[in-house]
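Engineer: One structure follows; several queries about it will come next.
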Amino acid sequence: ETGVTQTPRHLVMGMTNKKSLKCEQHLGHNAMYWYKQSAKKPLELMFVYNFKEQTENNSVPSRFSPECPNSSHLFLHLHTLQPEDSALYLCASSQEGASSGNTIYFGEGSWLTVV
Amino acid sequence: QKEVEQNSGPLSVPEGAIASLNCTYSDRGSQSFFWYRQYSGKSPELIMFIYSNGDKEDGRFTAQLNKASQYVSLLIRDSQPSDSATYLCAVNEWGGADGLTFGKGTHLIIQP
């Protein structure tokens, strides 16, 4: 069990569906992230939130919409996805300024399949 | 465009030997460096981080950093079959909450 929990762990959705991924961190961190991991590609940073404010959006298509209501919760809203969006979506958190050099801690991930 | 390069492997090492994993990075401004281990079907877990030139040891693991050569390595002594996994190198530019840039990872196989 990690300090970052993600739900659902597995999700299958059609291209016309709307769904959301949820992440909660119990570590008291002030920054949260969404990463995408596809086969044979490096982890791709999608979004960064620092103290609930979005500080980075790495040219992610608008069919992915993040929401951060507070520093412990992060959502990724999904709509009209494409089959190539099938991947492992990882939530992570970190504490800026910590002696650990801003180490990020990952949740278990949400496996997404778009059909 | 920040890049982190790793040999994807697989790297095969006999049990009990030293496994050596290498990583180079393109952004000379990178400040902190991380090694994560990822088992198949699982999320990455932190092994160790380093931000000063030289060696840092933690149990069977030693991270080595050479900023002049933009090179980071991870040594695993007395390799065990349970060390078989993909090892991800990651760098952070300024130490702030701007996320890490990851390499593709090296697939390590420890042969019993």
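The values are calculated or read from the model by the stated rules, or taken from the named source; none is laboratory data. A quick note: this is a predicted structure, and the numbers were derived from the prediction, not measured. Every residue, glycine among them, receives a Cβ derived from its backbone with ideal geometry; neighbour counts consider all protein chains shown.
Engineer: For B:G16, all conditions in the list (1) closer than 20 Å to A:E44 by Cβ; (2) assigned to a loop (DSSP other than H, G, I, E, B); (3) at pLDDT 95 or above; (4) not aliphatic (A, V, I, L, M) hold save one; what is the number of the exception?
Structural biologist: Only one criterion is unmet by B:G16, namely (1).
Engineer: Out of B:D78, B:D27, I need the residue that is in contact with a Lys or Arg (Cβ under 7 Å, 6 or more places away or on another chain), modelled with pLDDT under 95, more than 10 Å from chain A (Cβ to nearest Cβ) and in a loop (DSSP other than H, G, I, E, B). Which one? I'd like the intermediate steps shown before the answer.
Structural biologist: Numbers: B:D78 fails: modelled with pLDDT under 95.
After applying the criteria, what remains is B:D27.
Engineer: Okay, next question. Consider B:P14 against the criteria (1) closer than 22 Å to A:N102 by Cβ; (2) in contact with a Pro (Cβ under 9 Å, 6 or more places away or on another chain): it satisfies all of them except one. Which criterion is unmet?
Structural biologist: Result: B:P14 fails condition (1) only.
Engineer: Are any residues in the range A:1-23 closer than 22 Å to B:L46 by Cβ and among the polar types (S, T, N, Q), and if so, which ones?
Structural biologist: A:T2, A:T5, A:Q6
Engineer: When you look at B:R77, is it under 10 Å from the mean Cα position of the chain (by Cα) and not aliphatic (A, V, I, L, M), yes or no? Outline the logic, then answer.
Structural biologist: Numbers: under 10 Å from the mean Cα position of the chain (by Cα): no; not aliphatic (A, V, I, L, M): yes.
No, not satisfied.
Engineer: Taking the condition part of a loop (DSSP other than H, G, I, E, B), in contact with a strand residue (DSSP E or B) (Cβ under 7 Å, 6 or more places away or on another chain) and either of a type in the set (S, T, N, Q) or surrounded by 15 or more Cβ atoms within 10 Å (Cβ to Cβ) (or both), does B:S40 pass?
Structural biologist: Details: part of a loop (DSSP other than H, G, I, E, B): yes; in contact with a strand residue (DSSP E or B) (Cβ under 7 Å, 6 or more places away or on another chain): no; either of a type in the set (S, T, N, Q) or surrounded by 15 or more Cβ atoms within 10 Å (Cβ to Cβ) (or both): yes.
Considered against the rule, which asks whether it is part of a loop (DSSP other than H, G, I, E, B), in contact with a strand residue (DSSP E or B) (Cβ under 7 Å, 6 or more places away or on another chain) and either of a type in the set (S, T, N, Q) or surrounded by 15 or more Cβ atoms within 10 Å (Cβ to Cβ) (or both), B:S40 comes out as no.
Engineer: Regarding B:L100, is this residue buried (at least 22 other Cβ atoms within 10 Å of the Cβ), at pLDDT 95 or above and closer than 19 Å to A:S94 by Cβ? I'd like the intermediate steps shown before the answer.
Structural biologist: Numbers: buried (at least 22 other Cβ atoms within 10 Å of the Cβ): yes; at pLDDT 95 or above: no; closer than 19 Å to A:S94 by Cβ: yes.
So B:L100 does not fit the description; no.
Engineer: Here's a follow-up. Might you check whether a residue that is modelled with pLDDT under 90, part of a strand (DSSP E or B) and of a type outside the set (D, E, K, R) occurs anywhere in the range A:56-65?
Structural biologist: Kept after step one, since they are modelled with pLDDT under 90, are these residues of the range A:56-65: A:56-59.
Narrowing further to those that are part of a strand (DSSP E or B): A:56-57.
Narrowing further to those that are of a type outside the set (D, E, K, R): A:57.
For the range A:56-65, residues modelled with pLDDT under 90, part of a strand (DSSP E or B) and of a type outside the set (D, E, K, R): present.
Engineer: Could you check B:F34 against (1) assigned to a strand (DSSP E or B); (2) more than 9 Å from chain A (Cβ to nearest Cβ) and say which number it fails?
Structural biologist: Exception for B:F34: condition (2).
Engineer: Given the criteria among the hydroxyl-bearing types (S, T, Y), over 30 Å from A:N50 (Cα atoms) and either facing chain A (nearest Cβ under 10 Å) or not in a strand (DSSP E or B) (or both), does B:S69 qualify? If you could, list the steps in order and put the result at the bottom.
Structural biologist: Working: among the hydroxyl-bearing types (S, T, Y): yes; over 30 Å from A:N50 (Cα atoms): yes; either facing chain A (nearest Cβ under 10 Å) or not in a strand (DSSP E or B) (or both): yes.
Spelling it out, B:S69 is indeed among the hydroxyl-bearing types (S, T, Y), over 30 Å from A:N50 (Cα atoms) and either facing chain A (nearest Cβ under 10 Å) or not in a strand (DSSP E or B) (or both).
Engineer: Take the residues in the range A:8-26 that are within 20 Å of A:I104 (Cβ to Cβ) and loosely packed, with under 13 Cβ neighbours inside 10 Å, then tell me which one is nearest to the chain's Cα centre (by Cα).
Structural biologist: Taking the candidates together, the pick is A:R9.
Engineer: Please enumerate the residues belonging to the range A:37-80 that are in contact with a Lys or Arg (Cβ under 8 Å, 6 or more places away or on another chain) and of a type in the set (K, R).
Structural biologist: A:K40, A:K41
Engineer: Continuing with this model, one more query. Would you mind telling me which numbered condition in (1) surrounded by 19 or more Cβ atoms within 10 Å (Cβ to Cβ); (2) touching a residue at least 12 places away in the same chain (Cβ under 8 Å) A:P42 fails?
Structural biologist: (2)
Engineer: Given the conditions (1) hydrophobic (A, V, I, L, M, F, W, C); (2) outside any loop (DSSP other than H, G, I, E, B); (3) buried (at least 19 other Cβ atoms within 10 Å of the Cβ), report the number of the one that A:W111 does not fulfil.
Structural biologist: Going through the list (1) hydrophobic (A, V, I, L, M, F, W, C); (2) outside any loop (DSSP other than H, G, I, E, B); (3) buried (at least 19 other Cβ atoms within 10 Å of the Cβ), A:W111 breaks only (3).
Engineer: In the range A:10-50, how many residues are within 13 Å of another protein chain (Cβ to nearest Cβ), aliphatic (A, V, I, L, M) and outside any strand (DSSP E or B)?
Structural biologist: So the answer is 3.
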